[in-house]
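Down below is the structure, laid out as structure tokens.
The values are calculated or read from the model by the stated rules, or taken from the named source; none is laboratory data. Owing to the predicted nature of the structure, the values given are computational and were not obtained by experimental measurement. So basically every Cβ, Gly included, is an ideal-geometry build from the backbone, and we count neighbours across all protein chains shown.
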Ligand code: SF4
Ligand code: SF4
């Protein structure tokens, strides 16, 4: 057993209200610069839909992530090193600006500085890349906002295409009428990151101390193989500096025990941050299991129980501090992923072993039950509806379980049980242990899960060890603050020392 620790995230999709505060605050902090106008380290997609960049889930086109060879080994879907090097100057698997969108602003000066005349001054849209006027804005990073399920968008969703092939036109139409939800996305800081393996210059790296994946700006040669190899399309090319950039998991904040900007500002309180312990010796094996349905349980099996004395001893021997072990024991992320098993990985079939997991939304099922005039909070009604509403479950399974509907149904049943059990508690009725037992939990576990998911207090949502603080202080001493620092002293906690934000290679 080789114990390693990672700071991971869980998002509860039932609580995302699609306000995009996370995207805007992230952009203000990290990509409010020349060359990154089109870049959203955090974006929020309305599903079903195409997403950002368009149809990023279509790996037949983009060739992102890993595939398993017949001999059971993993290789990058983008091909071997020779093939990738041969595509350096003409990579057909690289998204173009049109796949993201042409970023634009408006000629606001016209409104205030136009000379007096007969006509009303107008502010035309202009490209932030070329500076040229744009005749017609036809796409944006959030173009499908709230249009999930609309026929013109839903049919272009790669998952919808797949389901349609499997179950036919009739069910596609029912499905379109049934639901929409939001999917906020950041880099997954994967355990088996394709971006790191694809980088020929060794610029992409995963930090040993906390698992955060970063780009060493000094090493990056701008070959963009990380962009095409990342199946989540969460590495971006800065066309001004000629280097790759990506979500940093707000490492200067995390190092001093603060949540990421997107988490801190999340209006829906739907993000959770905490430590996961895992066995590094199991990662490759878990990512290479033959049956895609086994990928989720295999990744679950690579995580370690922080309460197990043997794991604690091995972790200490590996140099993990008591502060990190204490955080791992109190980790809300571990509770949601491993204890209650209500969080699932995004597209585990990409075999990168992502570390931002999602609690699937129960709301489409509740809405559908309520629309029939029945009680949408009743356990019996909800359990029945989860079974009957095959199409949302099929869709969620493609998104979060490599198509395994059994896994998603089990999670939704747990969520439905929590809803029904807690309604009785809140109405002053007797606690009904049979509801909890029906999903393999105790009443107390349901109440603890409810506290975490529904009450969601700040200190319960974010348990981030500050043991890296000593390192962070040392870094701050050794690097003078960049003039362009996007994270203010207030944001870092007032009197706390500011950090140099150049991603510094701190581990091999
Ligand atoms: S999601 Fe992040 S860590 Fe995973 S492959 Fe993409 S850029 Fe790399
Ligand atoms: S801030 Fe939170 S609730 Fe709002 S869109 Fe982002 S993840 Fe969803």
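Can you name every residue in region 238-263 that is without any contact (Cβ under 8 Å) to a residue 60 or more places away in the chain and either surrounded by fewer than 24 Cβ atoms within 10 Å (Cβ to Cβ) or away from ligand 1 (no atom under 14 Å from the Cβ) (or both)?
In the first step, residues of region 238-263 are kept if they are without any contact (Cβ under 8 Å) to a residue 60 or more places away in the chain; the result is 242-244.
Once the filter is applied, which keeps residues that are without any contact (Cβ under 8 Å) to a residue 60 or more places away in the chain and either surrounded by fewer than 24 Cβ atoms within 10 Å (Cβ to Cβ) or away from ligand 1 (no atom under 14 Å from the Cβ) (or both), region 238-263 yields 242, 243.
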*Counting just the residues of region 400-413 that are in contact with a helix residue (DSSP H, G or I) (Cβ under 8 Å, 6 or more places away or on another chain) and surrounded by 23 or more Cβ atoms within 10 Å (Cβ to Cβ), which one comes out nearest to residue 446 (Cα to Cα)?*
412
*Return the total of residues in region 8-52 being over 13 Å from the mean Cα position of the chain (by Cα), within 14 Å of ligand 1 (Cβ to nearest atom) and farther than 20 Å from residue 97 by Cβ.*
0
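One residue is enough: does region 115-125 have a residue meeting the conditions touching a helix residue (DSSP H, G or I) at 6+ places or on another chain (Cβ under 7 Å) and closer than 27 Å to residue 25 by Cα? Show your work before the answer.
Filtering region 115-125 for residues touching a helix residue (DSSP H, G or I) at 6+ places or on another chain (Cβ under 7 Å) gives 121-123.
Retained after the next criterion (residues that are closer than 27 Å to residue 25 by Cα): 123.
The answer is yes; a qualifying residue exists.
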*Single condition residue 204 does not satisfy, out of (1) within 26 Å of residue 50 (Cβ to Cβ); (2) within 9 Å of ligand 1 (Cβ to nearest atom)*: (1)
*Say whether the condition of being more than 30 Å from residue 271 (Cα to Cα) and assigned to a loop (DSSP other than H, G, I, E, B) is met by at least one residue in region 52-64.*
no
*Could you figure out which of (1) part of a helix (DSSP H, G or I); (2) buried (at least 22 other Cβ atoms within 10 Å of the Cβ); (3) in contact with a helix residue (DSSP H, G or I) (Cβ under 7 Å, 6 or more places away or on another chain); (4) at pLDDT 95 or above isn't true of residue 342?*
(1)
*asked:* If residue 377 meets every condition in (1) under 18 Å from residue 184 (Cα atoms); (2) part of a loop (DSSP other than H, G, I, E, B) apart from one, which number is that one?
replied: (1)
*Are any residues in region 268-289 more than 21 Å from the chain's Cα centre (by Cα) and either crowded, with 17+ Cβ neighbours inside 10 Å or outside any helix (DSSP H, G or I) (or both), and if so, which ones?*
279, 282, 288, 289
*Scan region 123-132 residue by residue and report those that are without any contact (Cβ under 8 Å) to a residue 24 or more places away in the chain, in contact with a strand residue (DSSP E or B) (Cβ under 9 Å, 6 or more places away or on another chain) and either loosely packed, with under 15 Cβ neighbours inside 10 Å or assigned to a loop (DSSP other than H, G, I, E, B) (or both).*
123, 124, 132
